[in-house]
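Input: a single structure, listed below in structure tokens.
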There are 2 protein chains.
Amino acid sequence: MTKVVVIGAGNVAQHLIVAFKESNQIELVQVVARDVTKLSHLLNSSLLTSSFSEIKKADVYVLAVNDTAIEAVSKQLPFSNQLVVHTSGSVAMTDLDSNNRKGVFYPLQTFSKTKAVNFKEIPICLEAENEADYKTLEALAKSCSDVVYSVSSTQRKALHVAAVFVSNFVNHLYAIGNEICQENQLDFDILKPLITETANKVQLLSPTAAQTGPAKRNDTTTINSHLTFLKDHNQKEIYKLLTKSIIDHEKKL
Amino acid sequence: MTKVVVIGAGNVAQHLIVAFKESNQIELVQVVARDVTKLSHLLNSSLLTSSFSEIKKADVYVLAVNDTAIEAVSKQLPFSNQLVVHTSGSVAMTDLDSNNRKGVFYPLQTFSKTKAVNFKEIPICLEAENEADYKTLEALAKSCSDVVYSVSSTQRKALHVAAVFVSNFVNHLYAIGNEICQENQLDFDILKPLITETANKVQLLSPTAAQTGPAKRNDTTTINSHLTFLKDHNQKEIYKLLTKSIIDHEKKL
């Protein structure tokens, strides 16, 4: 049984709280949040505190706070030599205060407050300063997820950048697809099966093998007709750059 | 029972052949292909011909050939006043030869030879010159798919452009994510649940509501640290342009 204290009340904190509560190998000892009312729908008030002075003993302290607050909050902890981890993709492990043992517990997923996720399928990327702490984090991670990876700070940064491409930027391309549909009185629903299938394909094929479309075929007739069709400057620029990138990518194969 | 002749042996033709064969409201009368051996795994040789002079009578002739071949093939058909449709997202209905009645039967999906799809979920976009022909196409489409739309040539072009954004370009962003993983000795598998969840989210939320990440938050610290991390010129340019586009998009909300 791993005893855990979570610090934070945001999106990631809430998803972690739910996942930790559901596991029978984890004891969620306490959650520390500035505004505990944000968590009253998830937890009994006896498990909540807004004061670091009331913080309970645990095996792992999980700082699920904003990237910019990680360093400062880690300095406020009123104890030393405990295992303190943050949950960020983009903050180095060494940004944590040196009063405690450092680690990272990074769930690689896009969390929305309004949509539940199956935590078991979320890859957890772990980092620790020593083998014993790594084992503690590994036990914690495996208690709530089936996919656990050891990832260094540099690799985690790479992963975070890659995640921006395959999730944030991808979602923005969905937004542009939606824009084009609205401009032409088309229901965005028409595109949804295509969006699903495109994501499904790369679960089985490599993205290079899965690539289709006019740019892959270097079909300049279709490309030019699309560029003529697009009136929005921004949409045009994105079309040009990504088309060029696909053509260059194909040449290198 | 709608009688259909398919002309073509490529990717789309093969997926249509399978879907038409599976429907008990469609009679696949014949398939015309230059190289009939390409289809011998799908069809009995009695249903195959490589000669237009042997072409059988049908209610609908489906030209599932390359975009560039549609016009020429439509001119070779040895009959007149029949319903002839193409399956392309980017070719106008009027490109078909005027000897016959024109229509479009455009399944909006990304087809790979190596991956089966559930045709029932594929939106079919229909266009015809008159109501009677539209009804024939609608019956045909509804016999193999649950999602059928009436889409004009202009709308179809918009849809094709939108599809390039939400599928071809999205897949290319997956390829860049894969590249970044490889450069950092990371398994692309780590990103797969994120890819799935990002596609799942926009089935329920609008892309704008689903947007997350540093660009949405205008988090210049993270954005600059990512730009410093990226060494590849092309990856950097795409990162910059899409980040700017997200920031501009958020400002307009």
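Each value in this text was obtained by applying a stated rule to the coordinates, not by laboratory testing. Keep in mind that what you see is a predicted model, and the values were worked out from it rather than measured. When we count neighbours, we look across all protein chains shown, and the Cβ atoms used for this are built from the backbone with ideal geometry, even at glycine.
Observations, loosely collected:
- DSSP beta bridges confined to chain A are antiparallel in about 20 percent of cases.
- With contacts taken as Cα pairs under 8 Å at a separation of at least 6 residues, chain B carries a relative contact order of 12 percent.
- Listing B:His249, A:His160 from fewest to most neighbouring C-beta atoms within 10 Å gives B:His249, A:His160.
- Loop trypsin sites (Lys or Arg not before Pro), segment A:1-61, which have at most 13 other Cβ atoms in a 10 Å radius of their Cβ (DSSP): A:Arg34, A:Lys56, A:Lys57
- Counted charge near A:Asn184, where neighbours are those whose Cβ lies closer than 15 Å (Asp, Glu -1; Lys, Arg +1): -3
- GNM top mover of A:Cys181, A:Cys125, A:Cys144 - chain A, alpha-carbon springs below 10 Å: A:Cys181
- Taking every alpha-carbon pair in segment A:2-151 and binning the separations at 5 Å intervals from zero gives 2, 10, 22, 25, 23, 14, 4, 0 percent.
- Neighbours of A:Glu27 by Cβ distance under 12 Å: Lys/Arg scored +1, Asp/Glu scored -1, total +3.
- Dipole check for segment B:6-131: with +1 at the C-beta of Lys and Arg, -1 at the C-beta of Asp and Glu, and the Cα centre as origin, the magnitude is about 400 Debye.
- Fluctuation leader among A:Gln155, A:Gln25, A:Gln203 - chain A, Gaussian network, Cα springs under 10 angstrom: A:Gln203
- Sequence-ordered 3J(HN,Hα) estimates for segment A:198-212 from the Karplus curve with 6.51, -1.76 and 1.60 and θ = phi - 60° stand at 5, 5, 5, 4, 7, 6, 10, 9, 5, x, 5, 5, 7, 5, 9 Hz, glycine and proline given as x.
- Student exercise, segment A:156-252 dipole from Lys, Arg, Asp, Glu Cβ charges, in Debye to nearest 20: 540
- Rounded to 5, percent antiparallel among DSSP beta bridges of the protein assembly as shown: 20
- Cα-based shape type of segment A:10-60, given that a ≥ b ≥ c are square roots of the gyration tensor eigenvalues and the cut on a/c is 1.5: oblate
- Rounded if a/c under 1.5, otherwise prolate or oblate - chain B, Cα gyration tensor axes: prolate
- Fluctuation leader among A:Ser153, A:Ser145, A:Ser51 - chain A, Gaussian network, Cα springs under 10 angstrom: A:Ser51
- When the alpha carbon gyration tensor of the protein assembly as shown is reduced to an equivalent ellipsoid, its three semi-axes come out at 52, 22, 20 angstrom, largest first.
- DSSP-loop trypsin sites (Lys or Arg not before Pro) across segment A:157-236, with at most 13 other Cβ within 10 angstrom: A:Lys231
- Flagged links, alpha-carbon separation over 30 Å, of A:Lys21/A:Lys201; A:Lys251/B:Lys251; A:Lys75/A:Lys142; A:Lys216/B:Lys231: A:Lys21/A:Lys201; A:Lys251/B:Lys251
- ³J(HN,Hα) computed for each position of segment B:173-181 - Karplus, 6.51 cos²θ - 1.76 cosθ + 1.60, integer Hz, glycine/proline x: 5, 4, 4, 5, x, 4, 4, 4, 4
- For chain A, the longest principal axis of the C-alpha atoms and the axis of helix A:153-163 are separated by about 40°.
- Segment B:142-253, Cα convex hull volume normalised per residue, Å³: 151
- In degrees, nearest ten, helix B:233-252 long axis to first principal axis of chain B (Cα): 90
- Each Lys or Arg adds one and each Asp or Glu takes one away; over the other residues whose Cβ falls under 12 Å from the Cβ of A:Gln82, this sums to +2.
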